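One structure below.
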Amino acid sequence: MYDLIVGNGRVLDPATGRDGPADIGITDGRIAAVSDGIAPAQGDAFLDAAGLTVTPGLIDVHVHIYEGVTHYGVFPDEDVLASGVTTALDAGSAGAATFAGLRRYLIDVSDLRLFALLNISAMGMLDEAVGELEDIRWADPTRAIAVCEQHRDVILGIKVRLTRNLAGENAGPALRNAREAADAVGLPVMVHPQAAAILLEEILGELKAGDLVTHCFHGMAGGVLDGAGNVHRCVREAVDRGVTFDIGHGKGSFDFEVAERALAQGLIPDTISSDLHVHNINGPVFDLATTLSKFLLLGYEPAEALRRCTVTPAAVLGMAGEIGTLAVGAHADLTVFEIVEGGHQFEDSGGRQRTGDLRFVPRQVVKAGRAMAAVARGYPTG
């Protein structure tokens, strides 16, 4: 009756509100049934999830792939899909001059469902020796618009990085060029805002509903907190306008103390993402599951943390109800976790450590109805 049954597990799906024992039947890459008592004999294959938690496949709205072209690149299937992420958004690794290769050699052939933000810099993120916007001539809205129009099915927005070592003194014009390109094609902007040559108030002033601010809990200059540790008024105004605030952990963009202060004042991130790339895959990020686990120690219940890696990012990607849910009819993308109790050490981007009681450890991942073993980076296997 089914191609695959995932049975005997705890099904935790923030989209439907389900949290309890259930079996999942999968047919033709879609979820066909979620109920108690689906017998293993009813499926061509059976994945026993006894003692494990079955969730919608994780969605990461900030990764960097394109290994061999950008110095940040990790591999989509071996590094992202294998860690329990079934859908990901590459956050500006490629620009107008380099996007065709990203699509041909990675997006179109990877098992990972992969979308992209187009970097407003035509070169994308080639080399750490030179910032992609230090020469403003790279930020050509006309070229960006043309590439977005050609690849509308996979390009979901424009990315701009404003930090001084990336944009020099060009943060203002680069942001305005990104805004121009995004508005012309009716797509959002994702802004990497920290330590820019312009104030956060000016950056947020350019953003509108649907735009994204990533690295929202970084500890550098130009953060969401003022000198007294209070959330800036311009940040609250941006939230009220519908601007999305994203974690984007990264190598240098997540600070426990900033997160604790901001959360205590009600600044709740919309999406939890990893900013996974080659410089942090061996720590402190490791994978999205590790970033997700850090929010458990910050006080989130598992379902609320998962919502920010499933339901909300599905809406951001324009696929609400299709992914990020275990509802009947949705894509059969699942992550099977062991939620491990005990003292777990977690580290932020500045090397500060916290101890958490729970950790999401990916054990299996199902993409389009096909099951495979997951890789749990940063978690001892011996």
Candidates Ala49, Ala315, Ala259; GNM for the chain (alpha-carbon contacts under 10 Å) flags as most fluctuating Ala315
Tell me, what is the FRET efficiency for Gln353 and Ala221 to the nearest 0.05, using R0 = 35 angstrom and their Cβ-Cβ distance as r? 0.90
Return the whole-Å distance between the Cα centroid of region 255-272 and the Cα centroid of region 326-345. 23 Å
Based only on the alpha carbon positions, what is the Kirkwood hydrodynamic radius of region 109-178, in angstrom? 12.6 Å
Amide H partners (placed H, <5 Å) of His249, local residues excluded: Ser273, Ser274, Asp275
Taking the convex hull of the alpha carbon atoms in region 179-276, what volume per residue do you get, in Å³? 97 Å³
Once you compute Rg and the Kirkwood Rh from C-alpha atoms, what is the Rg to Rh ratio for region 298-382? 1.01
Stokes-Einstein diffusion coefficient for the chain at 10 °C in a medium of 1.306 mPa s, Rh from the Kirkwood formula over Cα pairs: what value in µm²/s? 76 µm²/s
Principal axis dimensions, region 242-323 - Cα atoms, whole angstrom, descending: 33, 32, 24
Over its alpha-carbon atoms, region 1-111 yields an Rg and a Dmax in Å of 17.6, 53
Listed by chain and number, the lysines with an alpha carbon less than 19 angstrom from that of Lys159, same-chain partners under 8 positions apart left out, are Lys208, Lys251
Would you mind telling me the antiparallel percentage of the DSSP bridges in region 58-316, rounded to 5? 10 percent
Fewest to most Cβ atoms within 10 Å: Cys216, Cys148, Cys234 sort as Cys234, Cys148, Cys216
In this structure, the FRET efficiency calculated for Lys208 and Asp19 from their beta-carbon separation, with R0 = 30 Å, to the nearest 0.05, is 0.25
Give the order of Leu298, Leu292 when sorted by the count of other beta carbons within 10 angstrom, beginning with the fewest. Leu298, Leu292
How do Ile136, Ile26, Ile198 line up, fewest other C-beta atoms within 10 Å first? Ile136, Ile198, Ile26
For region 230-382, evaluate the Debye formula with one uniform point scatterer on each Cα (no solvent term) and list log10 I(q)/I(0) at q = 0.10 Å⁻¹, rounded to two decimals. -0.37
Using the Karplus curve 6.51 cos²θ - 1.76 cosθ + 1.60 with θ = phi - 60°, work out ³J(HN,Hα) for each residue of region 368-374 in order, rounded to whole Hz, and write x for Gly and Pro. 6, x, 10, 8, 8, 5, 9
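None of the figures in this text is laboratory data; all of them are computed from the coordinates on show. Predicted model, so just to flag it, every value in this text is computed and none were measured. Using ideal geometry, Cβ is built from the backbone for each residue, glycine included, and neighbour counts are taken over all protein chains shown.
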